[in-house]
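Engineer: The following block contains the structure, expressed as structure tokens.
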Amino acid sequence: MLNRKVIFEDPELEEDIKEKPYGKMKYVAVIKSEILKNMISGGVKAEKLKGMLHDGIKGDKIRLFMIARKKSSWLKVWALRLAYVVLLWTIAMQFKGFGDMVTPKLFSTHSAFSLPPERIYDNNGYLMVSSNGGLNQMRAGICDMVTIARYLNVTLIVPELDNTSFWNDRSQFEDIFDVDYFIASLRDEVRILKELPPQQKKKVESESLYSMPPISWSNMTYYYNVILQRIKTYEVVHFTKSDARLANNGLPDEVQKLRCKVNYHGLRFTPAIEQLAKKIVSILKERGSFLSLHLRYEMDMIAFSGCNEGCNEEEIDELTKMRYAYPWWKEKEIDSEKKRVAGLCPLTPEEIALTMRALDIDRNIQVYIAAGDIYKSEKRMATLKEAFPNLVKKETLLEPSELEPFRNHSNQMAALDYYVSIASEIFIPSYRGHMAKLVEGHRRYLGFKKTILLDRKFLVQVIDQYNNGTISWNEFSTLVKAAHADRIGNPITRSVVPGKPKEEDYFYTNPQECLPMVDGP
């Protein structure tokens, strides 16, 4: 980031329109005023006036014309002035319309946006951030970083995205998010720059950069008492991690609401991503109803989790080797069955098929697979395909050339799935990962859109009972419906677990401070 050559530009367009006194109008304005007055009095015909305007008026004729009209009544003079104001207003509106046509829009692919007033504050220093994790893990972290910067009165440098995770995606912030909009839309809260200013950049390059990972799940007191002092000491501080740096609960409402403002209003995808995502949604809607199924059954997920339900010995061996190949995956020896019974495994495609059928989801609905390549897809997706024949994904809805710019950029592909999942009529995640959590929260924010939150611990028990013949299909379906009657993304109070923030409901899953008041259990 520090080695990139950047041209700093801060263009400002300023108009200085000064109101001129009536008595100091230019000569042509006086002529037009007299013509208007004459029209009001009815002394001169419209055709004659038009001729005077287009053919020109000789100086001596103008003087005679003006002298002849000096004795008009004051009432007519005031009528003239009123008409003149109307004329000026009309001209102004014409110029405004012309300006709108010739001035390029800041965000041509998005809705109209008015810049908020810039917040002025005494800058305490600069905060640099290296975001970590996948797209949605980084997204939540970025929201936290903006919030921290705002309340510490520091300048935030646009965060760098993780290029070292499993997906090895080289995309940077500006490749996924509309960086200019991000900076402009939040300027009333915090100053955000694409790069360090030259003086600070030179200092960091010639001396050293103070880097640290802030303590996770911290409240604002930690940032005021510890981090702010370090920023004042070093001027520039670099956070090596961004995920889960703020607590879920116990923060002031204004802090929580700013996290929402950044997430739901400040962070929007690039025009290229948004346009293609909108096209996917449009195609789906033209064909009928659709739900988004976030099916976490990619090879890396199965290997990482150690959940191998339905896999044969050869596949289990393949997945185990993959898990050991990545040293930063800390858990190596995993009891798959024990983990599954505890509800800690993503549901398999076969288990999802049974669950969706039990919930009486229309078999003809389009099921958009918001995921990467499903592990052993041809074999594992057969049951789901039979139950819901209208399975679709972005690769089947779009031409290969349309997706080509996004291939080999997993975070950009995930951004497309995120957008479609937000727009779907129903959202079903097979696992509560970061995308599932953030989409759930986003859909709550948009009015508690239907999100079926599967109880995996309960489901694997009743699925096993159904599969071994202990319960009938009707009993199975009745149990599944009853268990999920209140798990559809409806209003609920976020849980608090004192001393164990990781076990609480995630803030971005249920940002209740930003939602309508609700009475929950």
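Engineer: Taking θ = phi - 60°, what integer Hz values does the Karplus form 6.51 cos²θ - 1.76 cosθ + 1.60 yield along the range 226-232, in sequence order, with x for Gly and Pro?
Structural biologist: Rounded to whole hertz, the list is 10, 5, 4, 5, 6, 5, 5.
Engineer: Now for a separate question. Relative to a virtual label point 7 Å from the Cα of A482 in the Cα→beta-carbon direction, which members of the range 343-369 show backbone nitrogen distances below 18 Å?
Structural biologist: 355, 358-360
Engineer: Pairs of Cα atoms under 8 Å, at least six residues apart: use those to get the relative contact order of the range 244-348, whole percent. Mind dumping the intermediate values first?
Structural biologist: On the way: 38 pairs, mean separation 25.8, N = 105.
Reported as a whole number, the value is 25 percent.
Engineer: Ignoring any ligand, DNA or RNA, what whole percent of the accessible area of the range 282-377 comes from carbon and sulfur when the probe is 1.4 angstrom? Walk me through the intermediate numbers first.
Structural biologist: On the way: 2290 of 4600 Å².
Carbon with sulfur: 50 percent of the solvent-accessible area.
Engineer: Could you sort 258-265, 458-465 so that the peptide with the highest average Cβ count within 10 Å comes first and the rest follow in order?
Structural biologist: Details: 258-265: 20.2, 458-465: 17.5.
Highest mean packing first, the order is 258-265, 458-465.
Engineer: For the pairs K338/K376; K241/K394; K241/K338; K330/K502; K261/K437; K285/K394, note any where the Cα-Cα span goes beyond 20 Å. List each step's numbers first, then the result.
Structural biologist: Details: K338/K376 23 Å; K241/K394 32 Å; K241/K338 32 Å; K330/K502 18 Å; K261/K437 17 Å; K285/K394 14 Å.
Distance filter (> 20 Å) returns K338/K376; K241/K394; K241/K338.
Engineer: Further question: Find the percent of Cα-Cα distances in the range 258-364 that exceed 20 Å, and round it to a whole number.
Structural biologist: Working: 3463 of 5671 pairs.
For the range 258-364, the fraction of Cα-Cα distances above 20 Å is 61 percent.
Engineer: Against the empirical 2.2 N^0.38 Å scaling, what ratio does the C-alpha Rg of the range 384-484 come to?
Structural biologist: Details: Rg = 17.1 Å, N = 101, 2.2 N^0.38 = 12.7 Å.
Taking the Cα Rg and dividing by 2.2 N^0.38 Å, one obtains 1.34.
Engineer: Assuming a viscosity of 0.890 mPa s and a temperature of 25 °C, what translational diffusion coefficient in µm² per second does Stokes-Einstein assign to the range 324-471, Rh being the Kirkwood radius over Cα pairs?
Structural biologist: Details: Rh = 17.2 Å.
The calculation lands on 143 µm²/s.
Engineer: Another one. Could you list which residues have their amide H under 5 Å from that of I471, counting only those 5 or more apart in sequence or on another chain, with H placed in the peptide plane?
Structural biologist: The list, which skips near neighbours in sequence, is Y466.
Engineer: Let me ask something else. How compact is the range 371-421 by the rule of thumb for globular proteins, expressed as Cα Rg over 2.2 N^0.38 Å?
Structural biologist: Details: Rg = 12.3 Å, N = 51, 2.2 N^0.38 = 9.8 Å.
Relative to the 2.2 N^0.38 Å estimate, the range 371-421 comes out at 1.25.
Engineer: Can you list which of the trypsin sites (Lys or Arg not before Pro) found in the range 481-516 are DSSP loop residues with at most 15 other C-beta atoms within 10 Å?
Structural biologist: Numbers: sites: K481, R487, R494, K502; in loops: R487, R494.
Sparse-neighbourhood loop trypsin sites (Lys or Arg not before Pro): R487.
The values are calculated or read from the model by the stated rules, or taken from the named source; none is laboratory data. None of the values given here were measured: they were computed from a predicted structure. Quick reminder, even Gly has a Cβ in these numbers, built from the backbone with ideal geometry, and neighbours come from all protein chains shown. Surface accessibility is based on the protein's heavy atoms, side chains included, excluding ligands, DNA and RNA. Shrake-Rupley method; radii C 1.70, N 1.55, O 1.52, S 1.80 Å.
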